[in-house]
Every structure is written in structure tokens, then in C-alpha cells.
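Colleague: Quick one: structure below, then a few questions.
Each reported figure results from applying straightforward, stated rules to the coordinates on display, with no laboratory input. A quick note: this is a predicted structure, and the numbers were derived from the prediction, not measured. Here the Cβ is made from the backbone with ideal geometry for all residues, glycine too, and neighbour counts use every protein chain on show.
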There are 4 protein chains.
Amino acid sequence: MEDVVIRPVAKIPPLRDPILVEGLPGVGNVGKLAADYLKDQLHAEPVATIYSRFFPPQVYVNEDGTIRMVSNELSVHRPKGEKARDVLILGGDYQGISPEGQYELTHRILEFCHGLGAREVYTLAGFAQGHVVEEPKVLGAATSLARVEALTKLGVVFSRTDPGGGLIGASGLFLGIGRLFDMEGACLMGETSGYFVDPRSAQAVLKVLARALRVEIDLADLEAKAQEIDRIAQRVHEVEQHAGEAPGAGPTTPREDLGYIG
Amino acid sequence: MEDVVIRPVAKIPPLRDPILVEGLPGVGNVGKLAADYLKDQLHAEPVATIYSRFFPPQVYVNEDGTIRMVSNELSVHRPKGEKARDVLILGGDYQGISPEGQYELTHRILEFCHGLGAREVYTLAGFAQGHVVEEPKVLGAATSLARVEALTKLGVVFSRTDPGGGLIGASGLFLGIGRLFDMEGACLMGETSGYFVDPRSAQAVLKVLARALRVEIDLADLEAKAQEIDRIAQRVHEVEQHAGEAPGAGPTTPREDLGYIG
Amino acid sequence: MEDVVIRPVAKIPPLRDPILVEGLPGVGNVGKLAADYLKDQLHAEPVATIYSRFFPPQVYVNEDGTIRMVSNELSVHRPKGEKARDVLILGGDYQGISPEGQYELTHRILEFCHGLGAREVYTLAGFAQGHVVEEPKVLGAATSLARVEALTKLGVVFSRTDPGGGLIGASGLFLGIGRLFDMEGACLMGETSGYFVDPRSAQAVLKVLARALRVEIDLADLEAKAQEIDRIAQRVHEVEQHAGEAPGAGPTTPREDLGYIG
Amino acid sequence: MEDVVIRPVAKIPPLRDPILVEGLPGVGNVGKLAADYLKDQLHAEPVATIYSRFFPPQVYVNEDGTIRMVSNELSVHRPKGEKARDVLILGGDYQGISPEGQYELTHRILEFCHGLGAREVYTLAGFAQGHVVEEPKVLGAATSLARVEALTKLGVVFSRTDPGGGLIGASGLFLGIGRLFDMEGACLMGETSGYFVDPRSAQAVLKVLARALRVEIDLADLEAKAQEIDRIAQRVHEVEQHAGEAPGAGPTTPREDLGYIG
């Protein structure tokens, strides 16, 4: 078996100077939330399914009893308009589960997208602040100074100190290995607490991305999801307050729900 | 050395639309118990031995002092009757001991079986409920809705919520990677506590499988084994009760016997 | 770099039906002690050095300040006499440090030795009893019943129950993978406590091996080493006794010396 | 993706009998400090960038917001003078993060440097003494007795007992695998406590290396860095003294600063 198997879903038509957008699971699931939402809103069409021995040996069972193997998925949005550029969106269940897997998956997927004409890549991620962030900023990192400047104009914050340890995982490697393919790009990181999934941070990221891609996205559903998380977080907070006053008196904490809402 | 070495035991005659049945060690050893019992009852003949660097570096010593390397084994049952279909049974000592090994072993074995004409696969497994199950149900997952419906008629339960985390390991991958070979199939999971080997759960799985394969299997020996486990479990229970009343007074607990009865 | 690099030390002359003897580090270091002693006593000549990415990334520094990379080493004993058979001896610093490495190293070394004409292999090991063994027996496992019988006549014990978990590591794999090369052989396991290096167990193994190989070995130096270990073990015992009577009163225990005497 | 990607930065002119100097992160960061300082002082020019799936999947963000993937880097110093030899300097962010990665990276880099004409290699490292060392000595290990003697004259200490466990990682492998390329060389190990980065130990190493390479290096900046570390270590010491007298009274300890000063 090949290390990475890329199965085209259908014949792929020539793309118009496509931009790749990557959003896989990670901190606060911000990148995945944003990429999946973008795909839904733009009604992007499936292009290819990616299987790999670098994913867990796992199969999901759908509600109807049918199965699907864990995978990444590449979709395409082909906007109308003579000068419009196509958008490739990469989402999925997992990043590679070993360092070597991370490198190999990123390389193979970039190679495939490069073959489809992609020369530009945006990676979406969360940036863990360790505390609740009311109005998340979007931090950035880019492959060139020109891009740093362009994104600064869109409100992206380039900090001298953050992220101090650099970018770990797919969001970093798609830029770094992208350079080996002469691709340019940037990483958009939404601030988040890092404690639970964060649709509000994903919103912040998508606002910037929409301007960069010149597409329009209705963020209402994502806002609804963010408010749902807010309500649960509030409930957790109350339960914990209560528990502090009378230990053992409160209901079992619903904290663990938070991790699974997506 | 190749990652996976498949050694045919003898020249394999053309098979008649064979169905592959996989049962390797796992939760409650249900899958392995069922596959090994099926092989014995059907007097299936060895077809190939599978060695791999993805198994532990281990050799077993038989009672007569001779050795054999850990392996998986493929056997074939060739029933009489003009329209009968052959059954390939995969059993063995281990699943692959790394995620990559799981993928590679599954892929190579499926490739081999596909070469023998197999287009259909059943995987057998246990489903850990975390508590004793008096009358184990058989849960299912399948590659198509048509199969979900067909198996529902045989008494298989397709739950909206179980297994929530999907299928981990060989029982899932043989279906998932099977799809890459255009194979159809289903996983049959016997409910089990997850605490010890469970011949009763294996019985439940075999009852369904026998109907699906249209073969007849005498389950008497498996029932005897189940009753033996029942007796040991009962003894463990009594010892623990006793220990609760007068700590340290009981004999050493026989609990550890439970894991080794197969 | 190849996974396993086998560097011939000099041009190897045609060998006369050579027998391979493997003794690498393991339980009580019995196998390595025996193989190294055999090599010294028979004045075996170096044949090849084996380097591998499956060994630790480590270089030893000799007493004179020069370095050598961790390796395995193959030597040859070419006895006089018309009908004499040559003996290849494999020793070294490490076994492969991952399961995959174990398989690959064993396969490559067997392939090389098979190319030199070896069709028979003895593996030497310790068998941990968990308690001090005054007069260690030699347990066996073999590739055929004929060999079991022949070795029984030499005093080797073939137990129905030991080793219950089989043979783990090189001593098992050289037999198991040896079968894939149509090689026959046996594993000789000296009983040992498992707590420290055991020259006495190595002696027991060598006595059997010498008869099997029809060579003569003077075991005096190994006996001297065994008595040295006995003295240290005795001292440890006294210190611990003393410490039991007056905790903290004894000198620091010399137990850790035991692991490094070879 | 290749396991190791070596990207030449520019066309490399023929080198004059170049000597390779390796200094990667390790004990006290001594090797990396020394190699980086050497590169700066000699104004060595970049030759090649090395990426690998054996590094962490990580990208650094520069202060200006641009990114670079973790890498090793090879630079060259081409001194004037008819008989002068060129010096290749290998530095970088990481050593390989697995044993196999260590072997493969070392092999590929040596192969590349061998292709550039390198037949001699110095590796730089720290040797952890477990206590503060006021005037660090430089311990050595070499590929030949002649080199041991030559370096002894330069003040290098070859100890019968240190390093007892040998050399682990790149500093050992570049010598050991270097031998497979018929390269000669030595490892220079500066004594260090092992508790924090140690520019003073790096100074000691560079003094020896400068004489061996016949280059001149101004060590003033490294001395300044060493004094900065001394001041911080002194402060840590005072804080801990104080904390001992009145627990909880002192400011939060600045100990963790020590690890990050380079």
C-alpha cells in the first residue's frame, strides 16, 4: 500500500489559478471548523479522498450503519466570474499521527494540488492563549514580507513574539513544504482559550479569509454554534461555582460535552 | 525482508466466488474465538501463512518442543454443492502492532484474497459494554445500505450511536481498505463485557454468520467453553465477595485464569 | 543508507557446511557471554561487521581514545580435519531496538550466512527463572522433532510448559526466519535468575553446544568469572542482611556492579 | 518526499580539501553554540539547507512574521592563502528525532559532504559532569591513534573511563558513519554541568578547534554570553538560598530562563 493514497472522486476539470485552503483538526478545532464551514457555505464539490497509513487504523460508522475509513478530503469551489480564482479546500478527520506521517502527507497533498495548478496556500489554525478570549484576534505568519504587509491591511496581527515556538503540525508544514514547491502562503491563527472547540475563533479567521479570497460567506450558522458553546461554558462555570460552595451537591459537570461539539 | 510475507501452503485451486471471514485477537477475543471455531467446525484447509515485521519478534514453542513463528493464517472451506461458495478464513496470533502495520497487513492480505477472487468480507469482533452481558446481541456495520437491511433481517442490530468511536483495528480496516478493492462486507460485533475472553459472545456472532454464509455449525463445543468461563467467573465473584467480608482470608484469586482460556 | 550494512572484513574463503551460532545480549547476557567465550576459545576470525539504523545511534570509545560504532560481528572458526564443519559465530553490542528492526536484522544476517552456505543455526539465550539457580539446566526449542530427540540425548530439557510465552527477540527469530530459508536449528536456553549476568548459565549452555558442534572448549576462564559473580552476589546478600537488621547502617550496596560484569 | 532533502543554496565551487565541523543541539548546547559562533566569526557562506521528515513537523516564525521550516544548514568558510583548507560548518535546529532518523540524516549529510571532497570531520559536543565546572576541560575521542596523539598535544584529554557510555547522537555517528566513507576525525567534548546552556564550555571547545583548523577566532562575544549566564546562575542561586530561609518569600525563580539563552 502506498503511504498516502489520493483517490480522485471524479475527473477534475482544469482549475483557474486555484488557492489551497487547509483546515485540519488542531487547537480548539479552529482550523477544521473554519474549513468545513467554508466548504459548506461555498457548496464546494468533492475532488479527492485521501487515505493513509499515517492515519489511525480506524473506520467510522455513519448513523445509517454504513462505514467510511478515516480520511482527508479535498473539495473545490468554482466561483462564477471571468477573473475568479478557484478555491481548493482540504479538511478531514486527522492530521498524520507521527512526525514522519505529517511530512509525508503534507508533501503528497501539496504535490497533488501543485499538479492541479495551486501556487498559493492558506492554512487555518487556532492559537491557544490559555485563557478565555472575548474578541479573538487573528495572528498571522507568512512566506514573504509582501504577504505580511498585505495581510496586516486585512487586520491580521503579526506579533514579534507569538507564536514563540513556531507552528507545529499541518498548518506550519503546508507553508514550509509549500516553499519547496515554490508556493506562497500564510497561516491564519484565531486566538482561542485552547480548552474547547471555538466557533467564534473560527469566525474571526473566516472573516479575514473571505476578504483575502474575495468570497462572501454568511457567518450566521457559525455564530449560532458559538452561542451554543457560550451557553454550555456558562453552565459549566455555574456548576463549578456551585460545587465550590457545596462540594458534591451539583449535578455531574457537562464539561466534557464541550470537546465534542463541532 | 518484505514487510509482509505471504507463503502459500500448497497450490491453491480456483475458488468459487469466495467470501473472506476475518477474526483476529481483540476485545474479548470474540473475533478470534469465532474464526478459529468456524475453521475447526468446517475442517477448513490451510491455504497460506502470513509472517510480518509488523508482528512482535516472537516464536512460539509447541508442546513437543518444536517452534513456529507468530503468524496469521488463511484457510479455505470448500463446501459441496453446485452453487456453493467457498469461504476463506483468516485467523492468527496478532494484529499488526503499529498503525502503519495494521494498514499494510490488511492491504496485503486483501490484495492476496482479491487475487483469489474474494469480493466479499465479513469481519468478526467483540464490542465492549463494560458490564456483564447475559444475552449478547450482535451489532453491525456494513459497506452499503443494502447490506445493513439484509443483516437487520438476520437479527443484527444497527445502532445510531454504537460504536460511537468507530471500529479500531483489523475489523474496521478490512472493510475500509476492502472498499479500495471494490469489496463489499460487514462487521459483526458480539456484545461482551470486555473483561475476559467471551465464547458466548462468539456464539452469538457465529449464529448470524452461519446464516449469512449459509453453512451449518454445531455450537456445542463453544457452549461448553462458555460454561467453563461462567464457572470461573462465578468462582472469582465468590472469592471477591468473601474477600470483602474477611480480607486476606480467601484463596488467591483465579481471576487471571480468565484471560488465557481460549 | 541501507537498513542493514554488512561489511566483509576480508575475502571469505568457501566454507565447509558451516553452522551458525548466535549469541546477542539478552536475559542474564547468557547468549552473549557464551558466544563471545566460544569465539575467544576457538580463536575465530572476523568475517564481517554489521551496522544498522536499527541499533542505537551510538559510538563506543575504546580505552585508547579511538571510537567504534555499535555493531554486530560475524566470525568464523575453521577447524582442522577433513570432515570438520566450519562454525560462524554472531555476537555484538545490541539486538535491533524495534520489532521491525529485529525482523530486518535477522533476515539480512541469515540471508548473508545462507549465502555462505549455512543451513543450520544454534541460538543461545538465558531463561529467567526469577530465583537463583544453583545448577542451571539447559532448556531447548528446535525446528524439528528429530532435533528435539537428538538434543534430549545431549541433556537438553524440552519442557511442555517452558517457555510459555515463547522466545522473544533474536534467539527466536533466527530459528523462525531461518525456516523461511529452509534452515534447521535449535535454541539453547540456560536457566538463570534473570537478575544479573550469569557466566555459570553460559557454561551450561556451552557444554551442550560443544558436544553438538563436536568442538572442545576449556571452560576455566568462564568458571573464574562465575566465581567472581558468586562473590559479589554473596557480598550483596550480606549487605542486605545487615541492612535488614540495622537500616541505613550498611555501606552502599554493590548490587549495581553485578549488571556490568561480563 | 525523500527522507532527507538537501537543497543547495547556490552553485558550490570546488572546495580545497575541506574539513567538516558538526555542531548540533545537545548537552548544554555546547556543540551548537560553538558551531554557530564559528560560522559567524568566519563569515561562512550558506551552502545548502537540509530538511527532513526526521525533524519535528515544525515551522519557525521570524520576528518579521515570515516563516522558515526547521532545518540543518551547511556553510562554508573559504580562507585566503595558497595552502589554506576550506571549512564546512554544519549547524541547525535539531538532530534527528528517532534513532533511524539519526542514522539516515548523518549518512545523507556525510555523503553530500564527501561529494564536496570532505575527508575529515570534527564533531563538537558537551560532556555532562553533573556539577558546575569552573574551568572546563575538553575531552576527546578520535578515529585513529595518530589523531589521539595529535589532539593530546593541543590539550585535549583522552580519558580511559569517560565517556563511559560512549557518544550518543550526531557527534558520535558523524565519526562512526564517517569511517564507512573512509573519513577520519575526532569529537571534542567540552565539560559542562549539563543543567543549562554553556558558552564557557563552547569557548573551551573552540580554542582547541581553532588550533586544529589553524584559524583565528575572537572569543570576546562568547565570553560576554558566558558572563551573562554566570549572572543569571548567580541570581538563581541567591533566590534558592533565600527560599530555603523563608519558603515562599522569594520572587518566582528565574531558573527557567537559563535554558533559553543561546
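Colleague: Once the other residues with Cβ under 14 Å from the Cβ of B:HIS43 are scored (Lys, Arg +1; Asp, Glu -1), what is the net sum? Don't skip to the end; give the middle numbers.
Modeller: Values: positive: B:LYS39, B:ARG78, B:LYS80; negative: B:ASP36, B:ASP40, B:GLU45, B:ASP86, B:GLU216, B:ASP218, B:ASP221.
Neighbour charge sum, excluding B:HIS43 itself: -4.
Colleague: Counting alpha carbon pairs within less than 8 Å and at least 6 residues apart, what relative contact order, in whole percent, applies to chain A?
Modeller: This gives 21 percent for chain A.
Colleague: Among DSSP beta bridges whose residues both lie in the protein assembly as shown, state the antiparallel percentage, nearest 5.
Modeller: Details: 104 of 180 bridges.
Restricted to the protein assembly as shown, the bridges split so that about 60 percent are antiparallel.
Colleague: Let me ask something else about it. Most exposed first by the Cβ proxy, i.e. fewest other Cβ within 10 Å, how do A:HIS237, D:HIS43 rank? Numbers along the way, then the final one.
Modeller: On the way: A:HIS237 12, D:HIS43 9.
Result, fewest neighbours first: D:HIS43, A:HIS237.
Colleague: Right, here's the next one. Which ordering of A:LEU151, A:LEU105, A:LEU219 is given by a fewest-first count of other beta-carbon atoms within 10 Å?
Modeller: Details: A:LEU151 24, A:LEU105 29, A:LEU219 17.
Ascending number of Cβ neighbours within 10 Å: A:LEU219, A:LEU151, A:LEU105.
Colleague: Considering only the other residues whose Cβ falls under 15 Å of the Cβ of A:VAL59, what net charge follows from Lys and Arg at +1 and Asp and Glu at -1?
Modeller: -2
Colleague: So the label point sits 7 Å from Cα along the Cα-to-Cβ vector; using that for D:LYS80, what distances do you get to the other copies, in nanometres, sorted shortest first?
Modeller: Output for D:LYS80: 7.1, 7.1, 10.0 nm, nearest copy listed first.
Colleague: Please check: in the Gaussian network model of chain B (C-alpha springs, under 10 Å), which one of B:ILE177, B:ILE89, B:ILE19 has the largest mean-square fluctuation.
Modeller: Comparing B:ILE177, B:ILE89, B:ILE19 in the GNM, the peak value goes to B:ILE177.
Colleague: Given H placed on each backbone N at 1.01 Å, which residues far from B:LEU24 in sequence or on other chains put an amide H within less than 5 Å of it?
Modeller: B:LYS32, B:LEU124
Colleague: A follow-up question, please. Need one value for C:65-75: mean number of C-beta atoms belonging to other chains within 10 Å of its residues' C-beta atoms.
Modeller: Values: counts 17, 11, 14, 5, 11, 4, 1, 0, 0, 0, 0.
Partner Cβ neighbours, averaged per residue: 6.
Colleague: Which distances, in nm and shortest first, link the A:SER159 label point to the same label point in every other copy, taking 7 Å along Cα→Cβ?
Modeller: 4.4, 4.4, 6.2
Colleague: I would also like to ask the following. Highest GNM mean-square fluctuation, chain A, Cα pairs closer than 10 Å: which of A:PRO13, A:PRO25, A:PRO199?
Modeller: Highest fluctuation among the options: A:PRO13.
Colleague: What percent do you get for the relative contact order of the stretch A:47-103 when only Cα pairs under 8 Å and 6+ apart count?
Modeller: Details: 84 pairs, mean separation 19.2, N = 57.
Relative contact order here is 34 percent.
Colleague: If the label for C:PRO46 sits 7 angstrom from Cα along the Cα-to-Cβ line, what are its distances to the same label in every other copy, in nm to one decimal, shortest first?
Modeller: When each copy's label point is compared with this one, the spacings are 4.2, 4.2, 6.0 nm.
Colleague: With 10 angstrom as the radius, rank C:LEU42, C:LEU209, C:LEU173 by how many other C-beta atoms surround their C-beta, starting from the fewest. Display every interim value, and only then the final one.
Modeller: On the way: C:LEU42 21, C:LEU209 24, C:LEU173 28.
Going from sparsest to densest Cβ surroundings: C:LEU42, C:LEU209, C:LEU173.
Colleague: Of B:SER98, B:LEU145, B:CYS113, which is farthest towards the positive pole of the stretch B:97-163's charge dipole, taken about the Cα centre with +1 and -1 on the beta-carbons of Lys, Arg and Asp, Glu respectively?
Modeller: In the stretch B:97-163, that residue is B:LEU145.
Colleague: Using just the helices of chain A, give the 222 nm mean residue ellipticity in deg cm²/dmol: DSSP H runs with n ≥ 4 each add -39,500 (n - 2.57), and the total is spread over all residues, rounded to 500.
Modeller: Working: 6 runs with 90 residues, N = 262.
Computed mean residue ellipticity for chain A: -11000 deg cm²/dmol.
Colleague: Give me a comma-separated list of calculated 3J(HN,Hα) values for the stretch B:61-77, in order, Karplus coefficients 6.51, -1.76, 1.60 applied at θ = phi - 60°, integers in Hz, x for any Gly or Pro.
Modeller: Per residue, the Karplus-derived 3J(HN,Hα) values read 10, 6, 4, 8, x, 8, 10, 8, 6, 4, 6, 10, 9, 10, 10, 10, 10 Hz.
Colleague: Exceeding 29 Å between C-alpha atoms, which entries from my cross-link table qualify? They are D:LYS32/D:LYS153; A:LYS32/A:LYS137; A:LYS137/D:LYS225. Can you show the working numbers first?
Modeller: Working: D:LYS32/D:LYS153 25 Å; A:LYS32/A:LYS137 18 Å; A:LYS137/D:LYS225 37 Å.
Violating the 29 Å limit, Cα to Cα: A:LYS137/D:LYS225.
Colleague: For C:LYS80, list the lysines whose Cα falls under 20 Å from its own Cα; do not include residues on the same chain fewer than 8 positions away.
Modeller: The qualifying lysines are C:LYS11, C:LYS39.
Colleague: Something else: Any idea which of A:PHE54, A:LEU33, A:ILE67 is furthest toward the positive side of the dipole for the stretch A:1-115, if Lys and Arg beta-carbons carry +1 and Asp and Glu beta-carbons -1?
Modeller: Positive-most Cα among the choices belongs to A:LEU33.
Colleague: Taking the Cβ of B:PHE127 as the centre, find all other residues whose Cβ is under 10 Å away and add up their charges (Lys, Arg: +1; Asp, Glu: -1).
Modeller: Working: positive: B:LYS137; negative: B:ASP162, B:GLU191.
My count for the surroundings of B:PHE127 gives -1.
Colleague: Taking 8 Å as the Cα distance limit and 6 or more residues as the minimum spacing, I'd like the relative contact order of the stretch B:47-167 as a percentage. Don't skip to the answer; put the middle values down first.
Modeller: Numbers: 109 pairs, mean separation 19.1, N = 121.
That works out to 16 percent.
Colleague: If you take each beta carbon of peptide B:142-154 and count the beta carbons of other chains within 10 angstrom, what is the mean? Numbers along the way, then the final one.
Modeller: Working: counts 5, 5, 4, 4, 1, 2, 4, 1, 0, 1, 1, 0, 0.
Other-chain Cβ atoms within 10 Å of each residue's Cβ, averaged: 2.
Colleague: Given the C-alpha centroids of the stretch A:27-72 and the stretch B:140-170, what is the distance between them in whole angstrom?
Modeller: A separation of 20 Å, based on Cα centres.
Colleague: Something else about it: Within the stretch C:109-168, list the trypsin sites (Lys or Arg not before Pro) lying in a DSSP loop whose Cβ has at most 16 other Cβ atoms in a 10 Å radius.
Modeller: Working: sites: C:ARG119, C:LYS137, C:ARG147, C:LYS153, C:ARG160; in loops: C:ARG119, C:LYS137, C:ARG160.
Here the trypsin sites (Lys or Arg not before Pro) that fit, given the DSSP loop and packing criteria, are C:ARG119, C:ARG160.
Colleague: Among D:GLY165, D:GLY96, D:GLY117, determine the one that fluctuates most according to a GNM of chain D built with springs between C-alpha atoms less than 10 Å apart.
Modeller: Most flexible of the set in this elastic network: D:GLY165.
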